[in-house]
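Written out below as structure tokens is the structure these notes cover.
The values are calculated or read from the model by the stated rules, or taken from the named source; none is laboratory data. Bear in mind the structure is a predicted one, so any value in this text is a computation, not a measurement. In this analysis, Cβ positions are derived from the backbone assuming ideal geometry, glycine residues included, and neighbour counts consider all displayed protein chains. Just so you know, the surface numbers come from the protein's heavy atoms only, side chains and all, with ligands and any DNA or RNA stripped out. Shrake-Rupley method; radii C 1.70, N 1.55, O 1.52, S 1.80 Å.
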Amino acid sequence: KELNADLLRLVHGEQDMRFHRVLKPGDLVAPRASIHSIEKKSSGELLEVRQRLMFEGEVACDTISGYFIRAPKKPGEAGAKKERKPTEKPSGDPVLSQTVTVGDRQPIEYAGASGDTNPIHVDDATAKAAGHPGIILHGLCTMAFVGQAIVEDYLGGDYGRLKRLAVRFAKPVLPGDTLTTQAWLKESGNGVQTLSILTTNQNGDPVITRALAEVREN
């Protein structure tokens, strides 16, 4: 409340995660989080939160989360629509392409698994009040689909090779959407490959942009 972070006006904009060790079911972890910065703009506030997931006194995962808190609209004020530049695909053939369909209950199931019960993900009326057509998928669940595509289609199921995943959430994902994740090899060196990633919905609209993954070579 001290930050005036109204959940109906809060948008998860970016997520950058670095994985230092593999965690297994039953591991006892301790999360640590701090507000790194708050930048005020005429349209709202940019909030950056930095987190560490600790396991046995060592960092298992470093995370930077970027949020945007929209400023309240004044009475009679219409929201200005910004023209978005088309997202260009990297040149060349993708090294992976995976398509999945979001289940009708995916937001509710993810809310239960993650503990994130923000009502825009579980209650249609609240989601519509926030300007959405209905409940929307958690950004981190969309990000998990991206990670799954990389692990399954590029790393042969070896999730321990995924060292970093960073994404920008470009458009809300709805139950029933079909998501296609593609990745291109950007660079390779020192035993690490960097992939450029793009995820689009069934209409070809990007939902994940400016994304990259760093994976350990065999």
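Using the Kirkwood radius over C-alpha pairs as Rh, can you work out the diffusion coefficient of the chain via Stokes-Einstein at 4 °C, viscosity 1.567 mPa s, in µm² per second?
Here the translational diffusion coefficient equals 69 µm²/s.
Once the Cβ-Cβ distance between ARG105 and ALA129 is put in as r, and R0 is 22 Å, what FRET efficiency do you end up with, to the nearest 0.05?
FRET efficiency, ARG105 to ALA129: 0.55.
Ignoring ligands, DNA and RNA, what percent of the accessible area of the chain is carbon or sulfur (1.4 Å)?
Working: 6500 of 13250 Å².
Answer for the chain is 49 percent, counting heavy atoms of protein chains only.
If I model a spin label at VAL59 and ARG21 as a point 7 Å from the Cα along the Cα→Cβ vector, what separation in nanometres do I get?
Distance between the two pseudo-spin positions: 1.4 nm.
Give, in nm to one decimal, the length gained when the segment between GLU88 and THR178 is fully stretched (0.36 nm per residue of separation minus the Cα-Cα distance).
Between GLU88 and THR178, full extension yields an extra 30.4 nm.
Could you list, bin by bin from short to long, the percent of Cα-Cα pairs of segment 3-55 in 10 Å steps?
Final binned percentages: 17, 43, 25, 13, 1.
If each of ALA144 and ALA71 carries a label point 7 Å out from its Cα toward its Cβ, how far apart are those two points in nm?
Inter-label distance under the simple model: 3.6 nm.
For segment 91-202, rounded, prolate or oblate, judged on the Cα gyration tensor with a ≥ b ≥ c (square roots of eigenvalues), a/c < 1.5 rounded, else prolate if a/b > b/c? Walk me through the intermediate numbers first.
Values: a/c = 2.50, a/b = 2.04, b/c = 1.22.
Prolate, since a/c reaches 1.5 and a/b exceeds b/c.
For segment 103-164, which trypsin sites (Lys or Arg not before Pro) are in a loop by DSSP, counting at most 14 other Cβ atoms within 10 Å?
When the trypsin sites (Lys or Arg not before Pro) of segment 103-164 are filtered for loop state and at most 14 Cβ neighbours within 10 Å, ARG105 remain.
Along the Cα-to-Cβ line of ASP116, 7 Å from the Cα, sits a label point; which residues in segment 1-34 have backbone N less than 15 Å from it?
7-18
Residue by residue through segment 57-69, what is 3J(HN,Hα) from phi via Karplus (6.51 cos²θ - 1.76 cosθ + 1.60, θ = phi - 60°)? Round to whole Hz and write x for glycine and proline.
So the J values, rounded to whole Hz, are x, 10, 6, 8, 8, 9, 9, 10, 10, x, 10, 10, 9.
How big is segment 163-203 on each of its three principal axes, counting only the C-alpha atoms and giving the largest first in Å?
That works out to 40, 14, 13 Å along the principal axes.
Using every Cα-Cα pair within segment 144-218, state what percent have a distance larger than 15 Å.
52
If the chain between ARG50 and LEU8 were fully stretched, how many nm would it gain, using 0.36 nm times the residue separation less the Cα-Cα distance?
12.9 nm
Does anyone have the angle between helix 139-153 and the longest principal axis of the chain? Alpha-carbon axes, 0 to 90°, nearest 10?
That works out to roughly 20 degrees.
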